[in-house]
1. At 20 °C and 1.002 mPa s, what whole-number value in µm²/s does Stokes-Einstein give for the translational diffusion of segment 201-326, with Rh from the Kirkwood sum over Cα pairs?
2. From largest to smallest, what semi-axes in whole angstrom does segment 385-493 give when each is the square root of 5 times an eigenvalue of its alpha carbon gyration tensor?
3. If you rank Arg418, Arg361 by fewest surrounding Cβ atoms within 10 Å, what's the result?
4. For Lys221, give me every one of the aspartates and glutamates with a C-alpha distance below 14 angstrom, ignoring sequence neighbours fewer than eight places off in its own chain.
5. Can you put Thr275, Thr468, Thr158, Thr379 in order of Cβ neighbours within 10 angstrom, beginning with the fewest?
6. If you split all Cα-Cα distances of segment 49-138 into 5 Å bins from zero, what percentages do you get per bin, shortest first?
7. Can you give me the Rg/Rh ratio for segment 58-343, using Cα atoms for both radii and the Kirkwood formula for Rh?
8. Alpha carbon centre of segment 39-109 versus segment 232-303: separation in Å?
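Bear in mind these aren't lab numbers, they're just calculated from the coordinates by the rules spelled out. Quick caveat, the model's predicted, so the values are computed rather than measured. We place every Cβ from the backbone using ideal geometry, glycine too, and count neighbours over all the protein chains shown.
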Amino acid sequence: MVSVYEWNHTRFLYLVTLLLLVMGCDRHDTLKQEVVGGLHDELHRPQFHFSPDSMWMNDPNGMVFFNHEYHLFYQYYPDSTVWGPMHWGHAVSTDMVHWQHLPIALFPDSLGYIFSGSAVVDWKNTSGFGKDGEVPLVAIFTYHDPKGEKAGKNDYQTQGIAYSLDNGSTWKKYDNNPVLGNPGKKDFRDPKVFWHEESSSWVMILAVGQHIEFYRSPNLKDWTLASAFGYREGSHAGVWECPDLFRLQARPSNASPWVMIVNLGSGTANGGSGTQYFVGEFDGYTFINNNDPSEILWLDDGRDNYAGVTWSDIPKKDGRRIFLGWMSNWAYAQKVPTSPWRSAMTIPRSLSLAITGLGLRLRQQPVRELNSLVKDSITFASQSFDQFTLPSLKRNDSLFRIKAKLTGVTGLDSVGLRFSNDVNEHITFLFIPGKNRFIMDRRHSGKDDFEPGFAGIHRGDRKIRSDTLDIDIFLDVASIEVFADHGLTVMTDIFFPSRHYDKINLIGGEGLQVLDFKLYSLTSIYGKEAIRE
């Protein structure tokens, strides 16, 4: 039998009321003084995820760390809230949490729209763009020629570069673009470039139809095809897009295999867009998949994490490989009920490899910088489920983090959490022990009539078997990101309730023990945008 224990409206209400008194003024008045361009308080506006001030956004691009700043470029159309001629929008941050919007970095030109790509720091000035000791930032992107596409040609996508000598504030396109022409291959795009130290060369990983091609260059200008991968590997349910390749340590061993990320535009397990990955070896020329070629490893078992890639040039002393995804799905991205903007990014995540009984699996964990969002917290001591009662939190937004450790889950029908409002809209995350499976149920999450396939249940298999369940959940006003088993299974979903979720129910049954339960109230990022010097 499943029981549901709902919040009582006492202790946390007192804490939040006291906090508001201490703050002493209306939230809107504060934001009017500190945020240029609007309050960012629209009903479904993410409050701690990156979103554009207005208009359309999709894939993260050109993510690079330089001079103590994280650069985030992204696919952007400044004239509409639906997809159009692509530009590169631009923002910077010192913590990946609070962002400053900068002017558009790259505009379409006679060669085409500016599609997805990457950026690197050319530390050795191999490109020759740097003068008088300057270190250039170099962006590598896909040119998409709409006229060529309309004419039925296959070579309408090529690769171009641009460079910056002022910390990414302004960019100049290379005079001899494109640097990589198209040999007649449709869907020839999304270059991710990195310096391969062992072979002293730049490496480009490029999505070509439903496979990957590797190119090499000494200077970011002249590229030579090295190899191809993926003709008979992984999922081919959709076009391959936005690849990435990097090395990760497989803890607790000393092995450091390579991880390849490949995004699919459609046809994923839970429907629409999604991301698969491969674990293998790379020598600077060729990638070898260490898993069964037919095995499909999904990075996220929700529906709304797509086109994600990682930051380049994060210092070695930091040591992290940090991932960011577009928090939407091409199945409905242009229809979601938001205005004057569309789309947001996931929270940034630190990646690692874990050794499991199934083999090496990717682990994602929220970056530590997100701790700066914590406003209040309550920790509950160990207790049985039938004695566990959450205190009340009743407020005008829905910004939570929950970290919980539960045991005794094996004999239950289900265990999880439900987030809801007072008009019975809710989203539910559950673990089903009998099937060793996680599910996300957003059938009653709020507005969903914009797309017939939006409402539904999404499933992801657990990577381990254990009577103990660790979960870490971030809830923004219109999204949920669940990290289960320390990030071995991740589920990301968006939703659009008519009122913010302000109730949390713990779902379980007899025998469930709450070993640890931490509830955090989070603050909005708006009003804290840094001024860039």
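1. This corresponds to a translational diffusion coefficient of 140 µm²/s.
2. Equivalent ellipsoid of segment 385-493: 23, 18, 13 Å, largest first.
3. Arg418, Arg361
4. Partners within reach: Asp122, Asp175.
5. By the 10 Å Cβ count, ascending, the order reads Thr379, Thr468, Thr158, Thr275.
6. Spelled out per bin, shortest first, that is 3, 14, 21, 22, 18, 12, 6, 2, 0.
7. 0.93
8. 26
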